[in-house]
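Just dropping this structure here.
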Ligand code: PMV
């Protein structure tokens, strides 16, 4: 097959509510973070017989497995040798969807090369398979929100429900500077769940109620109510053992500095906190957060608003 170079992109994501519990069938709310982006460029290489990763992920065994899996799962495509160049501003292991963005961008590229419409519905099943190589048994929230690129309510096994925010929400991702592998943090939760299912089922019930109230708050443009849901969800994540002293300190400081709420986002064990501000935070507020520990960095504010028209 003769084909030309193709380039695709995928954004980052943040889980607003329900991470970890979502693995057990609880709903979650997530939003795309378009200031973070992963780019895949695929170009034919007649000197090779199969796809080869170049750039950022060259030599990365997991990414290599994802590329090979993707290549072998698009029927009717005989691409031959190719260079697969990956560039990304999504920090790996930071809870912002780096592996899901790679999955989505790879599938978008393959569908485009197969002259198929890379719609979210077409992208998502194979992207989920690729995510599974990275995470074991993921809930699917990450690849879904990145494939749809819209804020949504996600529950495993049901259609995602897009959410049109009824106001503007000022969200800030704050990097703790600590890193953890999502797969290991998820496995730790599983062990603790097996030991005390009754306690975990009670936590999951509480998180379901928080997701419901957070969805209502988003739709109504009620930022203080969303902030309260963040804080309560953070407490549950602490009980589940996925926060760290530094993430706790960051969330506490954010509240002291005037945030409406703050919590761990994504896999935890490190990574990022997500902070909800009543308005664009001042330099002083952001410096106040960065002073919590060396390595803490405030990312640019994401304004969550209705962008569907
Ligand atoms: O850390 P991330 O960006 O991979 O997010 C993982 C989200 C979890 O809920 C912890 C796992 C999952 O499969 O949903």
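Only the coordinates and a few stated rules stand behind these numbers; no lab work does. All of these numbers come straight from a predicted model, not from anything done at the bench. Cβ coordinates were reconstructed from backbone atoms using ideal geometry, including for glycine residues, and neighbour counts include every protein chain displayed.
What number, in percent, do you get for the relative contact order of region 1-65 if the mean sequence gap of Cα pairs under 8 Å and at least 6 apart is divided by its residue count?
Computed over region 1-65, the figure is 34 percent.
A further question on this structure: What is the diffusion coefficient of region 1-129 in µm²/s, taking the Kirkwood radius over Cα pairs and the Stokes-Einstein relation at 25 °C with a viscosity of 0.890 mPa s? Don't skip to the end; give the middle numbers.
Values: Rh = 15.3 Å.
So the translational diffusion coefficient is about 161 µm²/s.
Per 5 Å bin, what is the whole-percent P(r) computed from every C-alpha pair distance within region 1-40?
Each 5 Å bin holds this share of Cα pairs: 6, 19, 17, 14, 14, 12, 7, 5, 6, 1.
So what are the radius of gyration and Dmax for the Cα set of region 62-130, in Å?
12.0, 36
Shifting gears a bit: How large are Rg and Dmax for region 100-150 when only the alpha carbon atoms are used, in Å?
When restricted to Cα atoms, region 100-150 yields Rg and Dmax of 10.0, 30 Å.
Here's another thing I want to ask about it. Ranked by Cβ crowding within 10 angstrom, fewest neighbours first, how are 156, 272, 135 ordered?
The fewest-first ordering by Cβ neighbours comes to 156, 135, 272.
Also: How do 1, 199, 66, 240 line up, fewest other C-beta atoms within 10 Å first?
Working: 1 10, 199 13, 66 26, 240 23.
Ordered by Cβ neighbours within 10 Å, fewest first: 1, 199, 240, 66.
When 11, 298 are ordered from fewest to most other Cβ atoms inside 10 Å of their Cβ, what list results?
Lowest count first: 298, 11.
Determine by what factor the alpha-carbon radius of gyration of the chain differs from 2.2 N^0.38 Å, reporting the quotient. Walk me through the intermediate numbers first.
Numbers: Rg = 19.4 Å, N = 309, 2.2 N^0.38 = 19.4 Å.
With N residues counted in the chain, Rg over 2.2 N^0.38 Å equals 1.00.
Turning to a different aspect of this structure: If we sort 56-62, 83-89 on the protection proxy, mean other Cβ atoms within 10 Å, highest first, what's the order?
Answer by packing, highest mean first, reads 83-89, 56-62.
Based on the alpha-carbon gyration tensor of region 14-86, what equivalent-ellipsoid semi-axes (square roots of 5 times the eigenvalues) come out, in whole Å, largest first?
They are 32, 15, 11 Å, listed from largest to smallest.
Looking at region 143-201, I'd like the Rg to Rh ratio, where Rg is from alpha-carbon atoms and Rh is Kirkwood's inverse mean 1/r.
1.07
Counting pairs of alpha carbon atoms under 8 Å apart in space and at least six apart in sequence, what relative contact order in percent does region 194-286 give?
That works out to 23 percent.
For helix 120-135, what angle does its Cα long axis make with the longest principal axis of the chain, in degrees from 0 to 90 and rounded to 10?
80 degrees
Using Cα pairs closer than 8 Å and at least 6 residues apart in sequence, work out the relative contact order for the chain, in percent.
Values: 663 pairs, mean separation 66.9, N = 309.
This gives 22 percent for the chain.
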